[in-house]
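Structure first, then comments.
Read-outs: derived from the displayed coordinates by stated rules, not from any lab. Given the structure is predicted, the values throughout are model-derived calculations rather than measurements. Cβ placement follows ideal geometry from the backbone for every residue including glycine, while neighbour counts extend to all protein chains displayed.
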Amino acid sequence: MTLRPATASELPTIWAIIQYAIEQRRMDGSTQWQDGYPNPDTLRDDLDKGRAYVLDEAGELLLYAAIIFEPEPAYEAIEGRWLTDGPYMVLHRVAASPQAKGRGIATTFFRMAEDLCRERGVPSIKVDTNFDNAPMLRIMDKLGYTYCGEVYFRRSARRAYEKVVGPISG
């Protein structure tokens, strides 16, 4: 499996993965992603900004995520406290394909993202999720992410997590 930047030609497949994830959230009773976000414009913006990544297994896309190495403005107003104050990676829009279901692909992705973080010398990963996204909450717990408080997106509270993956400088 390879974690790599997505290409423009993969956007239709990525959109199909996102639509599957939106439906999974709905079927799980979650309110996450039930308001028209993310959408094709969101994915195009990720691609244009170099944030669109896929987990590829022999040419089959198993997962999509936005990997961001710039500060997330919504994270500045956390109700709580982050573990670190320095540079960090942000993971948004993590969505696995139907072919990935039950294979632990999201866990594999998070471990590969942690490796990418270390390779780039970035000491931590910050991520947020809906209060009712049980699969993501399980991953946060399983992989040792620390609950840090709440952040707000589109006027909705989200659970904010951080994991330190490398040395903190400063």
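Observations
- Using the Cβ-Cβ distance between Lys49 and Met27 with R0 set to 22 Å, the FRET efficiency works out to roughly 0.10.
- Cβ-derived FRET efficiency at R0 22 Å, Arg118 paired with Leu83, nearest 0.05: 0.85
- Lys, Arg +1 and Asp, Glu -1 on Cβ, resulting dipole of the chain about Cα centre, debye, nearest 20: 300 debye
- 3J(HN,Hα) along the range 117-130, derived from phi through the Karplus expression 6.51 cos²θ - 1.76 cosθ + 1.60 where θ = phi - 60°, amounts to 4, 4, 4, 8, x, 9, x, 8, 10, 10, 8, 10, 8, 5 Hz, with x in place of Gly and Pro.
- 222 nm mean residue ellipticity, helices alone, for the chain (DSSP H n ≥ 4; -39,500 (n - 2.57); rounded to 500): -9000 deg cm²/dmol
- Matching the structure-derived Rg and Dmax of the Cα atoms in Å against the labelled list (1) 20.7, 77; (2) 15.1, 45; (3) 17.8, 70 gives the label (2).
- Potential lengthening of the chain between Ala134 and Met1 amounts to 45.4 nm, from the contour at 0.36 nm per residue minus the alpha-carbon distance.
- Residue list for the range 41-64, given a label point 7 angstrom along the Cα-to-Cβ vector of Ala8 and an amide N cut-off under 17 Å: 41-53
- Using a Gaussian network model of the chain in which every pair of alpha carbons under 10 angstrom is joined by a spring, one finds that among Arg26, Arg158, Arg103 the greatest mean-square fluctuation is at Arg103.
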